[in-house]
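Have a look at the structure below, then the notes.
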Amino acid sequence: MGRAEESTIRVAVACSPREGEASEVAAELPAASTVADAIRASGVVDLQLGGAFPADEAIGVWGKAATVDTPLVDGDRVELYRPLAVDPKEARRLRATAGKRAARGARRRRRADITCSRRRSRHPFA
């Protein structure tokens, strides 16, 4: 390898500004670059985030929390996370409530079907 190739690293910056929309931008940076350098070099801040630099809690490298000062190595993937629309505990509670309602309605329909079929049956003991 040449000396120039060793002094640069290639990283990817992934971002999903809106639900259903995702982008990944490749960037080539000097070897001692940080997460902040990668975000600036990718242009994601201006193009996708409207110029707002993400907070530390909204940044990760390969799914692990990172800060803007985290050093990068060749092949890293910087990820920019958007805020949660719903608290995960609240979402779970809502799904459980909806599931209970659906199950309760299915039981009622089943009972009604059994009751109706017994009335129509010609079996002497039904």
For LYS64 and GLU28, FRET efficiency with R0 = 22 Å and r from the beta-carbon atoms, rounded to 0.05? 0.45
Rounded to 0.05, the calculated FRET efficiency for the beta carbons of ALA14 and THR97 at R₀ = 30 Å is 0.35
Between GLU21 and VAL86, with labels modelled 7 Å along Cα→Cβ, what's the label distance in nm to one decimal, could you check? 2.2 nm
Can you list residues from other chains, or at least 5 along the same chain, whose modelled amide H is less than 5 Å from the amide H of ILE59? ALA66, TYR81
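Only the coordinates and a few stated rules stand behind these numbers; no lab work does. Note that the structure is predicted; figures quoted are calculated from it, not measured. Because the Cβ atoms are built from the backbone with ideal geometry, glycine has one as well, and the counts that use them run over all protein chains shown.
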